[in-house]
1. Given all pairs of different Cα atoms, what value in angstroms does the Kirkwood hydrodynamic radius of chain A take?
2. Report, in listed order, any pair from B:LYS21/B:LYS61; B:LYS21/B:LYS102; A:LYS3/B:LYS102 with a Cα-Cα distance greater than 24 Å.
3. Tell me, what ³J(HN,Hα) does each residue in the range B:38-45 have, in order and in whole Hz, if you take phi through Karplus 6.51 cos²θ - 1.76 cosθ + 1.60 with θ = phi - 60° and put x for Gly and Pro?
4. On the Cα set of the range B:257-357, report Rg and Dmax in Å, please.
5. Across peptide A:15-23, how many C-beta atoms of other chains are within 10 Å of each residue C-beta, on average?
6. Around B:TYR276, which amide H atoms from residues at least 5 apart in sequence, or from another chain, sit under 5 Å from its own amide H, with H modelled in the peptide plane?
7. Just name one of B:GLY275, B:PRO170, B:ILE71: the one whose Cα is farthest towards the positive end of the charge dipole of chain B (beta-carbon charges, Lys/Arg +1, Asp/Glu -1).
8. Taking Cα pairs under 8 Å and at least six residues apart, what relative contact order does the range B:56-102 come out at, in percent?
Amino acid sequence: MYKLCKTLTNQEFVIRLSDNASIPFDPDNTDYQAYLRWLEEGNTPEPAEENQ
Amino acid sequence: MALTQVDQGLLGTNAQYTGFKNRIINGAMVIDQRNAGASITIADSSFAVDRFIYVASQASKFTAGQNLNSITAPAGFTNYLGFQTLSSVSIGAGDYFVVSQKIEGFNSADLNWGTANAQTVTLSFRVYSSLTGTFGGSLRNSAANYSYPFSYSIPVANTWTTISITIAGPTSGTWIAATNGVGVSVNFSLGVGSTYNGTAGAWASANNLSATGATSVVGTGSATFYITGVQLEKGSTATSFDYRPYGTELQLCQRYFQTWGGTTGNEYAPWSGLGYNSTTAEGCFTFICPMRSAPSLTQVGNWVFNDVASDNAAGTLGIGTTGLQTTQMRSSGATGITQYRPYTLRASSTASRIQLSAEL
């Protein structure tokens, strides 16, 4: 399970809820690659709370 | 005295003067940033020492750790990576229990694999098990569709055995160039089902993790498997292990993983920032060295923002704009923060950690 987030400057990233890891939207990051595979399986992240 | 002749012994295959010949990082298992030598019930896609990832199709089947069970390391080594079966598994076709190192493309591209100029490599390691027989592993490409299963023998239980396997480089298959992706995966099987097994000693267009007929460590309760001195080098001969200074080996690992805290309980992290409002602060976190990719950040335990006069609970730390050397780090749920006041970031206990991962 994941949750989308935005910073004060509206930079987007995603939180892996199992360990609260913050994952950048970098295609070379293997955690982000795992998130993309999770999306491809039809899953949907929790929505972002603005300006966290 | 003028140097007129180089000792041929220094140029021979047994010379110990050639640094960085080993494409494996932390092959002597000396660096364990995550666990500091503690044993763990190892989970899928996790690390018992740096750079060696464990992947498994079933959870909670091994305890693992640096110097697990405190056996005597082989001569010339002080550390090893150990596994012990927690509960035995009857391996199904699609099961896999493997420890691997993924070598970055920047460190393997010169092997010219997938071309007519493919270079021969030699894999060597020391291994020790409570079991005897034929064991297996493989080399595999990034796309997991081209691989070379290998097998080796452990003839005597509970004794270190030195293994050397020479592998002609593949002239086929797709291998990535000098990039930060996976160049070559080196896999050691602890038990692999038939779906991921292949004939030892031959390259194949398949996702093989081990060799057909190899012993399954996970198939025996309380079985042990220890390994160290892992070296992959260019050429057809296993040369002496490439010992590198501890600081050098640590920095090689820190391209993939960095951690702060977990020591004195009041360790500072390399962050400086300002209060944004009463519950949020934001600033720049600087890495120890450039990382392979923009890293993920995991916070363990509590941290505080310090303004010299007081500590203020930092709440939840997260990333923003992230590069290879810095990240914008911000908090949410902090307490007592004053807008525009400068803060430093400090651990609040020995359990506090900030971990960055850019693993392959």
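1. Working: mean 1/r = 0.0900 Å⁻¹.
Result for chain A, one decimal place: 11.1 Å.
2. Numbers: B:LYS21/B:LYS61 34 Å; B:LYS21/B:LYS102 16 Å; A:LYS3/B:LYS102 29 Å.
Exceeds cut-off: B:LYS21/B:LYS61; A:LYS3/B:LYS102.
3. With the stated coefficients, the range B:38-45 comes to 6, 7, 9, 7, 7, 9, 4, 6 Hz.
4. Here Rg and the maximum Cα pair distance are 12.5, 38 Å.
5. Details: counts 5, 2, 0, 0, 5, 7, 10, 15, 9.
Per residue, the average neighbour count from other chains is 6.
6. Close amide H contacts, sequence-distant or interchain: B:ALA281, B:GLU282, B:TYR340.
7. Final value for the positive-end residue is B:PRO170.
8. On the way: 49 pairs, mean separation 23.1, N = 47.
Over the range B:56-102, the number comes to 49 percent.
None of the figures in this text is laboratory data; all of them are computed from the coordinates on show. Here the structure is a predicted model, which means the values were calculated and not measured. Reconstructed Cβ throughout: ideal geometry from the backbone, glycine too, with neighbour counts over all protein chains shown.
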